[in-house]
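Beneath this line is the structure, given in structure tokens, with notes to follow.
The values are calculated or read from the model by the stated rules, or taken from the named source; none is laboratory data. Keep in mind that what you see is a predicted model, and the values were worked out from it rather than measured. With ideal geometry, Cβ positions are generated from the backbone for all residues, glycine too; neighbour counts draw on all protein chains shown. SASA here: full protein model, heavy atoms, side chains in, ligands and nucleic acids out. Shrake-Rupley method; radii C 1.70, N 1.55, O 1.52, S 1.80 Å.
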Amino acid sequence: MLTHKNIVVVGAGFGGMYTTKRLAKKLKKNHDVTITLIDKNPFMTMETSLHEVAGNRVEPEAIEYDLQRLFSRRKNVNVVTDEVFQIDRENKCVMARHGSYPYDYLVLGIGAEPNDFGTPGVKEHGFVLGNIEDAVRLRDHIDDMVRLGARERDPEKRQAYLNFVVVGTGFTGTEMAGELNSWRPELAQKYHLEPDDIKITMMEMAPTVMHMLDPNDAAKAVKYMTKHGIEIKTSTGVVGVHEDYIDLKNGSKFLTHTLIWTAGVKASSQADKLGFEQGRGGRIIVNEYSQIPDDPHIYVIGDVALYDEDGTGRGQPQVVQGAESAGKTAWKNILAQLNNQEPVKFKGNYQGFMVSVGPAWGVAYLLNTFHLSGFFAILMKDLVDMIYFIEIYSGYYLFHYIMNEWFRIKRPTLWRGNLNRYGNVLWTVPLRIFLGMMWLVDCWYKVQGSGSWFTNKLQLHFPWLVEATSGASSKAATSGASDKAAQSAPALFSLNYDYGHSPMAVFDQMPQWMQNITKIFIPNKVIALAAQKAMTVTEIILGLCLVLGFCTFVAGGLSAVFVAIFCLSGMNYWVNVWMVFAAIAVMNGSGRAFGLDMWFVPWLERTLGKARYGVMRPIYYSNNSDKK
Ligand SMILES: Cc1cc2nc3c(=O)[nH]c(=O)nc-3n(C[C@H](O)[C@H](O)[C@H](O)COP(=O)(O)OP(=O)(O)OC[C@H]3O[C@@H](n4cnc5c(N)ncnc54)[C@H](O)[C@@H]3O)c2cc1C
């Protein structure tokens, strides 16, 4: 008989999240297995975007993904917010601050942290970028320094405030310097400075920079950065950090209050206390199955693990793709162990590298083939991030990612600010009301008198309906628009009604493909009569929704579709085509700016969120047994 098995995953970073999601899916029908995901935070942090918070591009919440939400549909996963400090291997139990968690299989993915290699003063006076708190602290400090610098009369002291030094030219350093540089004009404007008053300097101990990149890509990045005012000093070691200056290896001092240390990472210091054999940078040594060599029930993945594949002792790269590759080995091998199958070996799957230099420019090397820079590199970076949300099955956070990176932005991104949602949508409110009124006015004529669409008189002059009722040829049965056009003097393409002319219909006759589709939905007169009434009612509803700002996004979208259908049906004139564009324009949230959506949309979000994700529990609650 199969006994109940506990799989415990510690660390909901890139590796742990991926592993848990896969295990949860693969084991969803296996009621003999429970998965417990423990992280010290109630959210997953998208570490690769920390520089965006530190550089004030996005708010911290934009890169925090709530674990309860991510696993609300997975009844076989318990999400626990707790900090693990020990592993009792004898009793197979994970010890954390607020409880202990027995395991049959353990996956450890507690990540890495910045490594200052013991450089004096970094801890006390420097800044790092290892987690959300670091990023927020750095962001606030940068703003503070520019504010103080702008008031300082002493030129040397002022320069110390306005000098920002990034040590290290890896992923983190390059992206941080790029982000800070894109923030510079805004900071300068805010505190009445010239952008050049704020100086950004990157310092690199080695004679060359950006070693994770192909040399040509690195050269492009250097060219871009220097052109945009970032100074890059190579062969420059930082050996000491003080409150308002740093010591360089050549004996000189460099004035600054802000040293951002990105020159190295080591395994999370928690790893030192777990009793496993450690290699370079404190990383826990694993075998080719991503397991602790003498304990096949414990897997270690991601930045904290070291698999010495090539015998150099360096281990696999500490990047997202490395964490995912190890996560894949772990979940496959746990399933193999559960099913008494052969284990698989770790296989690093590295599809390329991408580095952003600010929100609108970057370099990328993909699939060992394509070198990209600028717009396409950033687009690829965003797409790769989006793929991650697909991999962890989260449409919700995919949507939020797109909104945060492309729409809710504070400064131009790869789309040059064209998608910015922070424009004042209030100005489209009059357009929304006018559009709604147009629908209502249109319907006013459709609900009364002899031309009413609510009588049994057919108003939809589609050829097959007319043929069926009167036997007339389809030629004779063209649209109302073209009937009128035929009666009066020449039809005129125009955006207004020109006196003495007939307005030109967008299509004189319904195109054949449209006829084929429409025939499926409106095959005969009985359905046509019902359809014309339903259409009129829908138009009235659309009009009211737009006037009142209720469900504006949907009403705007449907308006655009309706007008487009009328045009294709030979029932609409060029002069009315503006309605399509107006309808698209009012989908920008104009109902929330001034309309019922101000109350309705938040209510809907709350209600749907509750239905899909359940009630969010406080963090102190530590198991999911009440998951509905
Ligand atoms: C600023 C920055 C930029 C980067 N840019 C890139 C990039 O562009 N491309 C790239 O491939 N990589 C990049 N990286 C590296 C990448 O983020 C890491 O390789 C990746 O996050 C490693 O994933 P992981 O699962 O091992 O650990 P992490 O993602 O670090 O997750 C570790 C998790 O463990 C949790 N944890 C830690 N200790 C405990 C404990 N004791 N108890 C419970 N939970 C614990 C943490 O809260 C965290 O959620 C960047 C890193 C940084 C910092």
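Just a few scattered comments:
Residue by residue, here is whether (1) under 15 Å from residue 52 (Cβ atoms); (2) touching a strand residue (DSSP E or B) at 6+ places or on another chain (Cβ under 6 Å); (3) aliphatic (A, V, I, L, M); (4) surrounded by 16 or more Cβ atoms within 10 Å (Cβ to Cβ) holds:
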site	(1), (2), (3), (4)
351	no, no, no, no
354	yes, yes, yes, yes
357	yes, no, yes, yes
360	yes, no, yes, yes
366	no, yes, yes, yes
377	no, yes, yes, yes
387	no, no, yes, no
411	yes, no, no, yes
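- Residue in the stretch 253-261 that is more than 31 Å from the chain's Cα centre (by Cα), free of Cβ contacts under 8 Å to residues at least 60 places away in the same chain and part of a strand (DSSP E or B) present: yes
- The set of residues from the stretch 35-45 being touching a Leu at 6+ places or on another chain (Cβ under 9 Å) and open to solvent by 10 Å² or more (accessible area, probe 1.4 Å) comprises 39, 41, 42, 43.
- Residue 583 vs. criteria within 26 Å of residue 507 (Cβ to Cβ), surrounded by 14 or more Cβ atoms within 10 Å (Cβ to Cβ) and in contact (Cβ under 8 Å) with a residue 40 or more places away in the chain: yes
- Extreme residue, farthest from residue 80 (Cα to Cα), among residues of the stretch 604-622 that are open to solvent by less than 50 Å² (accessible area, probe 1.4 Å) and within 22 Å of the chain's Cα centre (by Cα): 609
- Test for residue 396: is it at pLDDT 90 or above, of a type in the set (Ser, Thr, Tyr), within 18 Å of residue 46 (Cβ to Cβ) and not in a loop (DSSP other than H, G, I, E, B): yes
- Qualifying residue in the stretch 301-322 (condition: surrounded by fewer than 16 Cβ atoms within 10 Å (Cβ to Cβ) and within 16 Å of residue 384 (Cβ to Cβ)): yes
- Any hit, the stretch 337-358, residues being part of a helix (DSSP H, G or I) and touching a residue at least 40 places away in the same chain (Cβ under 8 Å): yes
- Residues that are of a type outside the set (Lys, Arg), more than 10 Å from the ligand (Cβ to nearest atom), outside any strand (DSSP E or B) and open to solvent by 20 Å² or more (accessible area, probe 1.4 Å) within the stretch 81-114 comprise 90, 91, 98, 104, listed in sequence order.
- No other residue among 601, 575 is open to solvent by less than 70 Å² (accessible area, probe 1.4 Å), in contact with a helix residue (DSSP H, G or I) (Cβ under 7 Å, 6 or more places away or on another chain) and modelled with pLDDT under 95 apart from 601.
- The strands (runs of 3 or more DSSP E) found wholly in the stretch 1-66 and carrying at least 1 residues that are near the ligand (Cβ under 9 Å from one of its atoms) and under 16 Å from the mean Cα position of the chain (by Cα) occupy 43-45.
- Taking first residues from the stretch 75-87 that are under 11 Å from residue 101 (Cβ atoms) and partners that are open to solvent by 30 Å² or more (accessible area, probe 1.4 Å) and within 10 Å of the ligand (Cβ to nearest atom), the Cβ contacts under 9 Å between residues at least 6 apart in sequence or on separate chains come to 82/40; 82/97; 84/40; 84/97; 84/110; 84/270.
- Filter result (of a type outside the set (A, V, I, L, M, F, W, C), part of a helix (DSSP H, G or I) and open to solvent by less than 40 Å² (accessible area, probe 1.4 Å)) within the stretch 176-230: 178, 179, 181, 182, 184, 217
- Selected residue (only one of 425, 429 is open to solvent by 20 Å² or more (accessible area, probe 1.4 Å), touching a residue at least 60 places away in the same chain (Cβ under 8 Å), among the β-branched types (Val, Ile, Thr) and within 20 Å of residue 591 (Cα to Cα)): 425
- When residue 161 is tested against the conditions (1) more than 16 Å from the ligand (Cβ to nearest atom); (2) outside any helix (DSSP H, G or I), the lone failure is (2).
- Search result, residues across the stretch 1-20 that are open to solvent by less than 10 Å² (accessible area, probe 1.4 Å) and at negative phi: 7, 8, 9, 10, 12, 15, 16, 17, 19, 20
- Pairing each residue of the stretch 39-50 that is touching a residue at least 12 places away in the same chain (Cβ under 8 Å) and of a type in the set (Asp, Glu) with any residue that is more than 6 Å from the ligand (Cβ to nearest atom) and not in a helix (DSSP H, G or I), provided the two are 6+ apart or on different chains, yields C-beta distances under 7 Å for 39/81.
- Qualifying residue in the stretch 543-558 (condition: over 27 Å from the mean Cα position of the chain (by Cα) and surrounded by fewer than 14 Cβ atoms within 10 Å (Cβ to Cβ)): no
- Residue in the stretch 271-282 that is within 12 Å of the ligand (Cβ to nearest atom), open to solvent by less than 20 Å² (accessible area, probe 1.4 Å) and within 30 Å of residue 415 (Cα to Cα) present: no
- Among the residues of the stretch 287-296, those identified as open to solvent by 40 Å² or more (accessible area, probe 1.4 Å) and either within 15 Å of the ligand (Cβ to nearest atom) or touching a Lys or Arg at 6+ places or on another chain (Cβ under 7 Å) (or both) are 288, 289.
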